[in-house]
Amino acid sequence: MLYATNCRISSEESQVIRWVDSHGQKYPYPWTPHFPKASSISHMAHLCSQVLSTSFFTPKPQIPVLLSPGVACIKSFHQYRFLHIKAMQEDKFSTPTSCDESKVRVPHVLTVAGSDSGAGAGIQADIKACAARGVYCSTVITAVTAQNTAGVQGVNVVPEDFVAEQLRSVLSDMPPNVVKTGMLPSTGIVKTLCQSLKEFPVQALVVDPVMVSTSGHTLAGPSILDSFREELLPMADIVTPNLKEASALLGGVPLETIADMRSAAKAIHDIGPRNVLVKGGDLPASLDAVDVFYDGNDFYEFRSSRIMTPNTHGTGCTLASTVAAELAKGSQMLSAVKVAKRYVEAVLSYSKNIAIGGGCQGPMDHLLKLKSNVQRRPFDPCDLFLYAVTDSRMNKKWGRSIVDAVKAAIEGGASIIQLREKEVETGGFLEAAKACLKICRVHGVPLLINDRIDVALASDADGIHIGQSDMPAHVARALLGPDKIIGVSCKTPEHAQQAWIDGADYIGSGGVYPTNTKENNKTIGLDGLKTVCVSSKLPVVAIGGIGMSNAQAVMRLGVPNLKGVAVVSALFDRECVTTETRKLLEVLKESTKIAN
Ligand SMILES: Nc1ncnc2c1ncn2[C@@H]1O[C@H](COP(=O)(O)OP(=O)(O)OP(=O)(O)O)[C@@H](O)[C@H]1O
Ligand SMILES: Cc1ncc(CO)c(N)n1
Ligand SMILES: [Mg+2]
């Protein structure tokens, strides 16, 4: 345990924090570089955590630090946890007696940048990138631009005083881990920012020296170059110019090759930033997208394949924000840059075909992955009507592939498919699941995976079906997100109640009749099924030994939430799956007519 002492928050004394360990040993001045007066306990805790993450403490991130008079701060994994100590003992060096662990601090990036009305770049890109990376993003807006996919139609610079006021509001109350800068349209704004950062130092400063939009519009003119060189860059932990910006910072040298990018990175490093990333998105005649990173000692080339898409507006802002987000979580610089580069490539790739706007440079979409889930057709309990469950042994016996079995069942009218492939190896199962999913999507039939949540996730199947001894449904729900379908096998009203509490979408109840498909499976009979159905808040599909001869008896139980039957052998342990499925569908339709 390390203790921060002598920090009197409300006194007029300047803020001096001394670090003392449990043995009473004092740690000297260099451990507490320019420490401003804290305005609150949380501000002070933040300032101390800065020292922790930037100084000699770095190799020992798990050391808890106690800040008198009453806040302890532990840097754990990705976040700072603040323990508000309710009672402190007389002896400063003793462990606190009671702690409130409920406050969890989230990693936080403040972006100081311009607004892009088209939301591809600027503040909007920064918020989206941070959100997608799980980091809180606050915003100080320096300019409002009228911008779309065709270019920049107008720029309205926010008055310097008001930029200063926004900075004060955020920095004094909710200190960020990292500040990231984008469009800084005037020298006054650059100076104001530098002043604020001296007053409220942060763990890291990421500077994206935005100057010209891709469409060629000036966002920050040459007049800011001096303040960049003299004030901002020397404070930066990393600066991320594109080719044009690197050239401008160096007085207009032409940059056309990777060798040029290396020399530029070195020359910019001489201006003062601790690391430089020269981005090669616009490198002429380069098949790959190559960025050059220089940390003052070594060069690294980060390469990704060049994604062929017009939707590259905002790549630079996204890259810098992601670096900032990773640093805020506690990454070292090199790994933050690596992750950011991969992230940009991934987002470009999955938004390469989106069509927004009529201009020539569209935005990326950070959250597209989430949207594809949201846009999936919602689960409809009627999907349970004819529920086909595949079986690897039967497929083997009849010499058909999983994909052929699924195709045939869909052709015959199955309304939902579950892949229950106990004997197939993971790689083969995944490939089969992906192939089945393609077919199911075309026909609008949901595809579920039995037991294997890894296969369900990897194949992006519509959901899973789990038994009582598999992973609990609430854990599956947490892993699969809110939209995917989860079914749970239930034999009793208690199971059904738990499935409902855990967030399942339906339950499968049985075995209704004896079956060979499942060993040691207790048969609950029609009565057992009825008891579960009556108590269940979720729709039910009956399972176990059901086929042509008894499906009507099951459906005629007449309980409203019994939505259909799940069938294995009656479809797949037969020569022609399509014919059997068709026949069963007729039987089921007939039984509903009778029931109505
Ligand atoms: N088509 C592409 N495919 C893959 N990566 C790309 C592509 N275009 C740019 N990048 C990468 O995106 C990141 C941003 O680089 P770029 O040179 O485009 O920045 P920029 O010009 O500042 O972008 P912005 O349009 O936001 O101003 C870099 O890592 C770059 O290599
Ligand atoms: C507001 C804003 N910031 C940055 C860029 C650079 O992409 C842009 N086009 N617009
Ligand atoms: Mg840029």
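Readers should treat all values here as calculations from the given coordinates under stated rules, not as data from a laboratory. In this text, all values refer to a predicted model and were calculated from it rather than measured experimentally. Virtual Cβ from ideal backbone geometry, glycine too; neighbours counted across all protein chains shown.
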Measuring from centroid to centroid over Cα atoms, what is the spacing of region 427-504 and region 537-596 in Å? 21 Å
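Per 0.36 nm of contour for each residue apart, how much would the distance between Asn156 and Arg441 grow if the chain were fully extended, relative to their Cα-Cα spacing? Mind dumping the intermediate values first?
Numbers: separation 285, 0.36 × 285 = 102.60 nm, distance 4.74 nm.
Length gained between Asn156 and Arg441: 97.9 nm.
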Obtain the nm distance between the two label points defined at Met548 and Arg393 by a simple spin-label model: each point lies 7 Å from its Cα along the Cα-to-C-beta direction. 2.3 nm
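Would you work out if region 108-371 is rounded, prolate or oblate? Take a ≥ b ≥ c from the square roots of the eigenvalues of the alpha-carbon gyration tensor; rounded if a/c is under 1.5, else prolate when a/b is larger than b/c, oblate otherwise.
Numbers: a/c = 1.28, a/b = 1.10, b/c = 1.16.
Taking the square roots of the gyration eigenvalues as a ≥ b ≥ c, region 108-371 is rounded.
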Note, region 476-491: 3J(HN,Hα) by Karplus (6.51, -1.76, 1.60, θ = phi - 60°), whole Hz, Gly/Pro = x, goes 4, 4, 4, 6, 8, x, x, 9, 6, 8, 10, x, 10, 6, 9, 9
Viscosity 1.002 mPa s, temperature 20 °C: what is the translational diffusion coefficient of region 381-595 from Stokes-Einstein with a Kirkwood Rh over Cα pairs, rounded to a whole number of µm²/s? 127 µm²/s
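Fully extended, how many nm does the chain gain between Asp404 and Glu230 (0.36 nm per residue separation, minus their Cα-Cα distance)?
Numbers: separation 174, 0.36 × 174 = 62.64 nm, distance 6.86 nm.
Going from the current span to full extension adds 55.8 nm.
Grab the Cα-Cα distance for Ile354 and Glu199, subtract it from 0.36 nm times how many residues apart they are, and report the gain in nm with one decimal. Can you show the working numbers first?
On the way: separation 155, 0.36 × 155 = 55.80 nm, distance 4.35 nm.
In short, 51.5 nm is gained.
Above 15 Å lies some portion of the pair distances; for region 186-239, what is it as a whole percent of all C-alpha pairs? Walk me through the numbers before you get to the answer.
Numbers: 689 of 1431 pairs.
In whole percent, the share of Cα-Cα pairs in region 186-239 beyond 15 Å is 48.
With r defined as the distance between the Cβ atoms of Gln332 and Ala458 and R0 fixed at 41 Å, what FRET efficiency is calculated, to the nearest 0.05? Display every interim value, and only then the final one.
On the way: r = 30 Å, r/R0 = 0.72.
In this case the efficiency is close to 0.90.
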How many nm separate the modelled label positions at Asp527 and His217, each set 7 Å beyond the Cα in the direction of the Cβ? 7.7 nm
Sequence-distant or interchain residues sharing an amide H contact under 5 Å with Gly564, placed H: which? Ala542
So which of Lys397/Lys589; Lys396/Lys563; Lys128/Lys244; Lys522/Lys563; Lys484/Lys537 end up more than 27 Å apart by C-alpha? Lys397/Lys589; Lys396/Lys563
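Give the Kirkwood hydrodynamic radius (Å, one decimal) of region 133-286, defined as one over the mean of 1/r across all pairs of different Cα atoms. Display every interim value, and only then the final one.
Working: mean 1/r = 0.0615 Å⁻¹.
After inverting the pairwise mean of 1/r, the radius is 16.3 Å.
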